[in-house]
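Here is the structure we will look at.
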Amino acid sequence: MIELNKDNFDAAIAQGVVLVDFWSESCERCMELMPEIHQLADAYCGKVTFCSLNIQGNRRLAMAQKVMGLPSIVIWRNGERVAHLSGETLDSEQIREALEAQLHSVA
């Protein structure tokens, strides 16, 4: 997992399929999802770049990306935002389905 901040964010999302996990220590659901997201990162190694952004200290960046609630998973493809998953009911299967959809639409 690549830890993102305002200095490396744009470069990180510029190439390929990139998943960014927006999280905070105070978000219980974020903390519950984190091990599952790490498992997905292992499963998609070489196909998807996994990044995380702790909104503590990066609120302006999160707001600029229209992330208003946590947990939020945003997927980019070659710098273009293609999916945004969010909410308390978010689970790893929804994330996996969104990744599969992006990988199969990349031809």
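The values are calculated or read from the model by the stated rules, or taken from the named source; none is laboratory data. Since we're looking at a predicted model, the values are computed, not measured. In case anyone asks, the SASA skips ligands and DNA or RNA and just uses the protein heavy atoms, side chains included. Shrake-Rupley method; radii C 1.70, N 1.55, O 1.52, S 1.80 Å.
Annotations for the structure displayed:
- Accessible area (Å², per residue) of the chain, counting only protein heavy atoms and a probe of 1.4 Å: 56 Å²
- Centroid-to-centroid separation of the stretch 1-49 and the stretch 56-102 [C-alpha atoms, Å]: 9 Å
- For the chain, calculated [θ]222 nm from helices alone, where every DSSP H run of n ≥ 4 adds -39500 (n - 2.57): -11500 deg cm²/dmol
- Within the chain, DSSP assigns beta bridges of which about 55% are antiparallel (rounded to the nearest 5).
- Based on Cα contacts under 8 Å between residues 6+ apart, the chain shows a relative contact order of 35 percent.
- Cα-derived Rg to Rh of the stretch 18-100, Kirkwood definition: 0.92
- Solvent exposure, largest accessible area first (probe 1.4 Å, DNA, RNA and ligands not counted), of Ser52, Ser92: Ser92, Ser52
- Rounded percent of accessible protein surface that carbon and sulfur make up, the stretch 68-107, 1.4 Å probe: 48 percent
- Shape of the stretch 1-53 from the C-alpha gyration tensor: oblate (a/c of 1.5 or more and a/b not above b/c, with a ≥ b ≥ c the square roots of its eigenvalues).
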